[in-house]
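Mind looking over this structure? Questions follow.
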Amino acid sequence: MPLKLALPKGRLQPLVSSWLEGWGLEGYDAASRSYRPSAPLHPQIQLKVFQERDIPIQVAVGNYDLGICGRDWVEELLVRYPQSPLAQVRELGFGGRCLYLASSVMSPFSSAQELAGHPGSLRLVSEYPNLTEAAALRLRLRRFQVFPLWGAAEVYPPETADLVVVASASEADLKDRGLCPLLSLLPSSACIVAYRPSWEGKDLGEVLARFPPSPRDGAVTAGGAPMRVEAAFPPGLPVLGLPDGHQQSPTLEFLGRAGLPADSYSRGEKRFLWEGVAVKVLRPQDMPLQVANGNLDLAITGQDWLRDHLSRFPGSPVKEYLPLGFGQVKLVAVVGPETEASSPADLRGAFPVLRVASEYVNLADKYAGDNHLGPYRIIPTWGASEAFLPEDADLLIENTQTGRTLARHGLKIIDTLFESTACLIGPREVPAKKRTKVEALVGAFRRGLGG
């Protein structure tokens, strides 16, 4: 029986690839789109590539015997589920960074000791909600709220968060991003984790001996453009959210057509002022909830993420103002090559418990319920979702532009949920003091559409 090893995408991928150079890995490099690399020198090891934060979960549920990821994501799982059958086997000595509790450089807080006596409610944002809650309790904060994010946590303070928990290579890097480090929470580097029953029941020693010695150093420096430190946005300005990631390039093109200034956005700045408008660059996945909470007055996101939000919060005060016509994708239901199904109806009763993997957990849950696919279980993912089929999920709810990537991985589409494009969203009721400026912005976006 082969041993199954989960490898990380993203920041650790080039470091792990270099470390395992002697394995002769094929299909595991930045240019590869394969989720199933091979190691011809070690044919008894079956490899799979995941987003780093998915790896501890996949190992903990027993889908993989071993995984390589950052210790921070291991602790994020264990702090909430301390009985998880996850064993930390070896620190690898590269991919170094630290989790920090931080505030904005414009914040009144300059040390963690000042937080415990704060009489009001503190708002904390992070990609690490479990570790963030644990830190707040350990610091004995009187009142606090933790808001989970997909990323870009440093953009939220000081206007829409008081504190962030964020990973950084150094305190100096935090300061470059406009943050004041208050407390070092967790040093982290790449590590090997094991599924405890495999660790205790299989002979992993021989396999682990095939790993090269761990490097002594090789810390990762956080990438990306530095965040220009500005004064806090003046109160009362409308706040516009622009997307980062793969949506940034088409958004820049659209802003040019709309005659809106985009120099700061194109330089990679994360917060800046346009004429009378405060701008924050966020993950598209976070936009609908931030509009609903009143933290954004307008935002560019995808219709897919708006619908995912409304599936969970049907009474949300968020609506679509304009479809913007770029970033077109289809949301589709996908199965593996060995699943004999051509429609969702064919999945009913085909599995004892249907495993449905998706980044769109709310849409996936609604789809499975509406199509009477139960019993089913939703498996949240953080990207690279194609990797889950067929070994780790039975059905995937995913977005695609052409379907070619899915076909390249041997996957087949059995249903189309809907088509999605980028859209401008905002609240159903705009505050009166911001209405004139918001309407002018909407008019500029409409002109960008040629209407």
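Could you please find all residues in the stretch 296-321 being more than 20 Å from E359 (Cβ to Cβ) and either surrounded by 22 or more Cβ atoms within 10 Å (Cβ to Cβ) or not assigned by TED's automatic domain parsing to the domain that holds A444 (or both)?
Result: L296, D297, L298.
Has the stretch 25-43 got any residue that is among the acidic types (D, E) and farther than 18 Å from A387 by Cβ? Before you say what the answer is, go through the steps one by one.
Narrowing the stretch 25-43 to residues among the acidic types (D, E): 26, 29.
Adding the requirement that they be farther than 18 Å from A387 by Cβ leaves none.
No, that holds for no residue.
For the stretch 180-216, which positions are of a type in the set (S, T, Y) and either modelled with pLDDT of 85 or more or touching a Cys at 6+ places or on another chain (Cβ under 6 Å) (or both)? Can you show your working first?
Taking the stretch 180-216 first, the residues of a type in the set (S, T, Y) are 184, 188-189, 195, 198, 214.
Result: S184, S188, S189, Y195, S198.
For every residue, the table says whether it meets (1) within 23 Å of L131 (Cβ to Cβ); (2) in the same structural domain as D203 (by TED's automatic domain parsing); (3) in a loop (DSSP other than H, G, I, E, B).
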residue: L47; (1), (2), (3): no, yes, no
residue: I55; (1), (2), (3): yes, yes, no
residue: E76; (1), (2), (3): yes, yes, no
residue: Y81; (1), (2), (3): yes, yes, yes
residue: A102; (1), (2), (3): yes, no, no
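Rundown of residues vs (1) more than 23 Å from the chain's Cα centre (by Cα); (2) modelled with pLDDT under 95; (3) surrounded by fewer than 19 Cβ atoms within 10 Å (Cβ to Cβ), yes/no style:
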residue: L131; (1), (2), (3): no, no, no
residue: R138; (1), (2), (3): yes, yes, yes
residue: E154; (1), (2), (3): no, yes, no
residue: G178; (1), (2), (3): no, yes, no
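Only one of S111, S103 is more than 16 Å from Y195 (Cα to Cα) and exposed (fewer than 15 other Cβ atoms within 10 Å of the Cβ); which?
The conditions single out S111.
Moving on. Scan the stretch 245-265 and tell me whether some residue there is of a type in the set (D, E, K, R), within 23 Å of G178 (Cα to Cα) and either outside any strand (DSSP E or B) or at pLDDT 90 or above (or both). Walk me through it before giving the result.
Kept after step one, since they are of a type in the set (D, E, K, R), are these residues of the stretch 245-265: 253, 257, 263.
Narrowing the set further to residues that are within 23 Å of G178 (Cα to Cα) leaves 263.
The next check asks that each one be either outside any strand (DSSP E or B) or at pLDDT 90 or above (or both); those that pass are 263.
Yes, there is a match, as at least one residue in the stretch 245-265 is of a type in the set (D, E, K, R), within 23 Å of G178 (Cα to Cα) and either outside any strand (DSSP E or B) or at pLDDT 90 or above (or both).
Criterion first (touching a strand residue (DSSP E or B) at 6+ places or on another chain (Cβ under 6 Å), of a type outside the set (K, R) and under 30 Å from P250 (Cβ atoms)) does V329 satisfy it?
Details: touching a strand residue (DSSP E or B) at 6+ places or on another chain (Cβ under 6 Å): yes; of a type outside the set (K, R): yes; under 30 Å from P250 (Cβ atoms): yes.
Against the criterion (touching a strand residue (DSSP E or B) at 6+ places or on another chain (Cβ under 6 Å), of a type outside the set (K, R) and under 30 Å from P250 (Cβ atoms)), V329 qualifies.
For a quick check of your reading: which strands (runs of 3 or more DSSP E) sit entirely within the stretch 311-417 and have at least 2 residues that are touching a Ser or Thr at 6+ places or on another chain (Cβ under 8 Å)? Before the answer, list the steps.
On the way: elements: 318-323, 329-335, 354-358, 376-380, 395-400.
Strands (runs of 3 or more DSSP E) meeting the threshold: 329-335, 354-358, 376-380, 395-400.
Something else: Say whether the condition of being surrounded by 22 or more Cβ atoms within 10 Å (Cβ to Cβ), under 24 Å from the mean Cα position of the chain (by Cα) and either polar (S, T, N, Q) or within 30 Å of P181 (Cβ to Cβ) (or both) is met by at least one residue in the stretch 23-37. Spell out the reasoning first.
Step one: filter the stretch 23-37 for residues surrounded by 22 or more Cβ atoms within 10 Å (Cβ to Cβ), giving 28.
Subset that is under 24 Å from the mean Cα position of the chain (by Cα): 28.
So of that shortlist, the ones also either polar (S, T, N, Q) or within 30 Å of P181 (Cβ to Cβ) (or both) come out as none.
No; the residues of the stretch 23-37 include none that is surrounded by 22 or more Cβ atoms within 10 Å (Cβ to Cβ), under 24 Å from the mean Cα position of the chain (by Cα) and either polar (S, T, N, Q) or within 30 Å of P181 (Cβ to Cβ) (or both).
Which condition number in (1) touching a Gly at 6+ places or on another chain (Cβ under 6 Å); (2) touching a residue at least 60 places away in the same chain (Cβ under 8 Å) is the one that F109 fails?
(1)
If you don't mind, another one. If you check K437 against the conditions, is it touching a residue at least 60 places away in the same chain (Cβ under 8 Å), in the same structural domain as P250 (by TED's automatic domain parsing) and charged (D, E, K, R)?
On the way: touching a residue at least 60 places away in the same chain (Cβ under 8 Å): yes; in the same structural domain as P250 (by TED's automatic domain parsing): yes; charged (D, E, K, R): yes.
Criteria met by K437.
The values are calculated or read from the model by the stated rules, or taken from the named source; none is laboratory data. Predicted model, so just to flag it, every value in this text is computed and none were measured. Methodologically, a virtual Cβ is constructed for each residue, glycine included, from the backbone with ideal geometry; neighbour enumeration extends over all protein chains shown.
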